[in-house]
Each structure stands twice: as structure tokens, then as C-alpha cells.
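Before any comments, here is the structure.
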Amino acid sequence: MSSLALAPLVPGWALVGAAVSPADTAWMLVASALVLLMTPALAFFYGGLVRAKNALNTMMMSVAALGVAGIAWAVVGYSLAFAPGGGGALVGGLDHLFLRGVGLEAKGALPHLLFFAYQGTFAIITAALISGAVVERMRFGAYLAFIGAWSLVVYAPVAHWVWGGGWLARLGALDFAGGTVVHVNAAAAALVAALVVGPRRDYGRQALLPHNIPFVVLGAGLLWFGWFGFNAGSALAANGTAALAFTNTLLAPAATLLVWMLLDQLRSRRTTAVGAATGMVVGLVAVTPAAGYVGPMSAILLGGIAALPSYGAILLRARTALDDSLDVVAAHGVGGTAGALLTGAFASAAWGGTDGAFFGAPRQLLFQAVAVAAVALYSAGASFVLLRVLALATALRPAERAEGMGLDQEEHGEEAYTTGEGAILVLPDEALPDADRAPANVPMPAPA
């Protein structure tokens with residue numbers, strides 16, 4: 001969010017004072033809707049990657065974040081991220097609790113309510129990203145409780161650090177649209193959640209294959225579509241910076257996709273659809289912190305380079321005991337870190353922001369590294385505490401039998417796919433194979 005990057009220049013900074021711009025408002029209404037679309041898109045992307053018996057549960061983990069994180073943001077989170085006062089460098093104040101003081105007055109060139117809503121779409125998808133590390137084995141209620149608390153304890157303060165005039169903004173760290181705030185932040189929480197919840201019971205014992213690859217490709221395509229609002233909208237105006245971010249959001253993922261397909265060919269002589277979809281997402285993640293700060297050719301280089309560490313991380317993770325089921329750490333953690341550091345290299349004052357290492361300011365790399373490390377450490381530590389406290393109140397995992405049957409039936413009483421006529425609700429006892437059912441007390445009537 002380019003305007004937010006100027007926060008270190010103005011202590012107690014706030015986007016208040018200018019008149020509302022109809023053109024900027026119109027663009028930001030569209031951008032907010034585009035970013036909101038990314039969460040259902042993530043549901044398709046994640047939902048296609050799991051087994052059929054867990055498809056609905058996985059998709060609901062994203063869909064439910066719209067409610068849990070969205071309301072948490074309105075009630076408390078927005079104030080902690082953007083209200084004046086509070087801890088200053090560490091967290092915002094309480095002036096905007098329950099949206100108090102958030103109306104149609106101008107905040108920059110936008111109505112304050114629109115600025116709040118746009119920022120809320122970021123809080124929602126960040127929480128939803130975490131689910132990819134714990135799909136197929138975390139209880140739905142426990143997951144909702146975790147992301148609700150996490151969005152307030154972790155996401156809101158980190159958003160303040162970078163975009164609300166906090167200490168990382170004052171340091172000079174660059175994050176145009178969420179490389180650290182969204183992707184590194186979510187990936188650190190996902191890593192801890194995968195470790196605390198533990199691996200799937202079948203992990204390492206059988207192939208856990210995607211059940212619907214067309215869903216994966218559809219989800220990735222919709223994510224790319226929504227990401228134009230994610231990055232170009234972070235200019236907070238319909239201007240040249242938005243056009244730059246829009247163009248870079250086109251070019252960087254295209255470069256990542258190309259390199260990813262080449263790597264697939266070199267490794268296995270096949271170009272996989274899941275690999276292509278993953279490459280697209282990694283490129284989008286990597287360009288996010290840089291979108292409004294680098295030129296188009298630099299964006300292409302950034303996207304191509306970012307493919308390498310994430311591709312390697314996915315191969316490495318598959319050889320470990322870590323069940324980061326949908327590679328949140330490799331795609332969002334490694335991709336976000338690569339993007340943040342490369343922003344420190346490719347940023348150019350000629351395009352916006354400040355100069356990076358390749359333009360005479362090598363210390364920008366240090367600022368970027370500090371931001372990545374601080375966000376990762378805080379998110380990981382706070383997530384560990386939240387999960388341990390939550391585990392004292394409720395079980396994080398379902399029973400072994402329920403996990404084996406699939407969480408669609410256990411948690412939602414539904415099936416993603418049916419073999420009969422029409423959709424039916426499936427009760428757990430009715431989902432058992434005939435051999436496992438208790439014998440009937442009443443014999444079947446004889447045929448007429």
C-alpha cells in the first residue's frame with residue numbers, strides 16, 4: 001500500500017484530510033471486491049488438492065474465514081491496526097473499536113469505511129491461508145477459534161507495524177501489498193500449526209493425491225484475477241502507481257510460471273497442471289511486496305528468480321516428516337521471503353518508494369531482512385502460544401475413526417460427491433461399510 005510506505009516520514013501518520021475522489025473510490029470499490037473473491041478462489045485451489053472425503057471441509061476452512069476474520073476485523077482488528085494511539089510503534093489504539101469513528105469522512109482520497117473494508121479483505125485471506133497446513137486433520141471448531149484469535153493477536157499488530165505507522169514502517173521496510181504482513185505472517189503460523197497439530201495419520205504411508213486438479217487450476221486462475229485488486233488496489237488510488245502494480249502483477253507470475261514449467265521439464269520431463277498452478281501462485285506472492293516499487297523488467301526477473309527457492313522447498317519438504325499439506329511454507333513463506341528480499345534489491349525511486357541495492361542503497365536489503373525475521377518470529381511464537389492455550393480447552397484433532405472417514409461427514413454431515421440420485425446428508429453411522437455396521441435388530445422383509 002504505497003501511501004502507507006510513507007508512514008516513517010510522519011509520526012502519528014493517518015490518511016485523513018483530503019477530499020474524497022470519485023475516481024479513486026470507484027476503483028477501490030472494485031479492488032475490494034476482487035480481493036474478497038480471492039478467498040473463495042483459495043477454497044477451490046486448496047479444495048482440489050486434498051482427497052475427496054475432505055474436499056468440503058477444506059473449502060469451508062476458507063469460506064468460514066469470511067465470517068470469523070471479517071467480524072473480528074470490524075469489531076477489534078481494524079482499530080488495533082490503524083487507530084491512532086495505543087502502543088505507537090507496536091499496536092494501534094482503541095479509538096475505532098466496533099467501528100467507532102469510521103464513517104464516510106475522507107481518509108486520504110477514500111471514504112473511511114471503504115478503506116476499512118479494503119483492509120478487511122486482506123485480514124480475511126491471510127487467516128484463510130493458514131488452513132493449507134492443517135487440512136484433513138484439524139477440527140473445524142478449533143480451527144475457527146484459532147484464526148479468530150490469531151487475526152487479533154497476530155495479524156492486526158503486524159499490519160500496524162508495516163502499514164499503520166509502526167516500527168517497521170519507521171525503519172523503512174518496503175511492503176507494497178503484503179509480502180510480510182500477509183504471506184510470511186501466514187506461513188509462519190502455518191508451520192507452527194502443522195507441527196503442533198501433527199501429520200495426517202496416512203502421511204508417509206500412502207500417496208495423498210489431489211482429487212480434483214481442474215479445481216486447483218480454476219482456483220489459481222481466480223486468485224490471479226483477484227490479485228490485480230490485491231496489488232494494484234494497494235496504491236489506494238486510480239493512478240500511475242496502480243497501473244505499475246497491475247502490470248507487474250501480470251508479468252512476474254508469468255515469469256514464475258515459465259521457469260516452473262522449465263524446472264518440471266528438467267526434473268521429470270513432464271509439465272504438471274498442479275505445478276503450473278503452484279508456480280502462478282508463487283509468482284503472485286513474490287511480486288506482492290514489490291508491485292509498486294519496481295519496474296516491469298525487474299518484475300520479470302523477480303518472478304523468474306523467485307521460482308527457484310520455492311520449487312526447491314517443495315521438493316525438500318516432501319522428504320521430511322513435516323506435513324505442511326498444501327505447501328503453505330514453500331509457496332507463501334519462501335515465496336514471500338524471496339519477494340521481500342528481492343524488493344530490497346530491485347526497488348527503484350524512479351518507479352516509487354526508494355532505491356534498493358541495485359540502485360545504490362544496499363541497506364534496504366537489511367531493512368527487508370529485519371522485517372521478514374521479525375514478522376516470522378512473532379507470528380510463529382504467538383501462534384504456538386495460541387494453539388497450546390486452545391488445546392487446553394478443546395481437542396485440536398478429531399477422533400482417529402472420524403479422520404479416517406473424512407472430515408466432510410464428521411464436521412459437516414455432507415459429501416462433496418454422491419453416487420446416487422441427488423445430494424444427501426450423510427450421518428457418520430450410515431457412512432460405514434456394510435461389514436462394519438452393527439447387525440440390524442429387525443430382519444429385512446421377504447420380497448413379495
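Amide H contacts of LEU110: SER21, each under 5 Å away and 5 or more positions distant or on a separate chain (H built 1.01 Å from N in the peptide plane; Pro and chain starts excluded).
Where [x] 29.5, 95; [y] 22.1, 65; [z] 22.6, 91 are the candidate values, the label of the one calculated here for Rg and Dmax of the Cα atoms in Å is [z]. How many percent of Cα pairs in region 288-362 exceed 13 Å? Of all Cα-Cα distances in region 288-362, 65 percent exceed 13 Å.
Compute the signed sum of charges (Lys and Arg +1, Asp and Glu -1) over the other residues within less than 13 Å, Cβ to Cβ, of LEU191. Walk me through the numbers before you get to the answer.
Numbers: positive: ARG317; negative: ASP323, ASP324, ASP327.
Computed value for this residue: -2.
Phi angles across region 325-331 convert, under the Karplus curve 6.51 cos²θ - 1.76 cosθ + 1.60 with θ = phi - 60°, into 3J(HN,Hα) values of 3, 10, 6, 5, 5, 5, 7 Hz, Gly and Pro given as x.
If the chain linking VAL20 and ARG170 were pulled fully straight, counting 0.36 nm for each residue of separation and taking away their Cα-Cα distance, it would gain 51.3 nm. State which stretch of the chain is the longest one without any exposed trypsin sites (Lys or Arg not before Pro), exposure meaning a DSSP loop state and at most 16 other Cβ atoms within 10 Å. Of all site-free stretches, the longest is 320-436.
What is the percent of Cα-Cα separations in region 31-171 that go past 25 Å? Working shown, then result.
Numbers: 2962 of 9870 pairs.
Every Cα pair in region 31-171 considered, those over 25 Å come to 30 percent.
Calculated mean residue ellipticity at 222 nm for the chain: -18000 deg cm²/dmol, from DSSP H runs with n ≥ 4 weighted as -39500 (n - 2.57), summed, divided by the residue count and rounded to 500. Over all other residues within a Cβ to Cβ distance under 9 Å of LEU407, the charged ones net out to -2, with Lys and Arg as +1 and Asp and Glu as -1.
Highest mean packing first, where packing is the average number of other Cβ atoms within 10 Å per residue, the peptides 368-375, 30-37, 252-259 line up as 252-259, 368-375, 30-37.
Just subtract the alpha-carbon distance of GLU414 and ARG401 from 0.36 nm times their residue separation and send over the number in nm, one decimal.
Details: separation 13, 0.36 × 13 = 4.68 nm, distance 1.66 nm.
Fully extending the segment from GLU414 to ARG401 adds 3.0 nm.
We did not get these values from a lab; they are worked out from the coordinates using the rules stated. Keep in mind the model is a prediction, meaning the values are calculated, not measured. In this analysis, Cβ positions are derived from the backbone assuming ideal geometry, glycine residues included, and neighbour counts consider all displayed protein chains.
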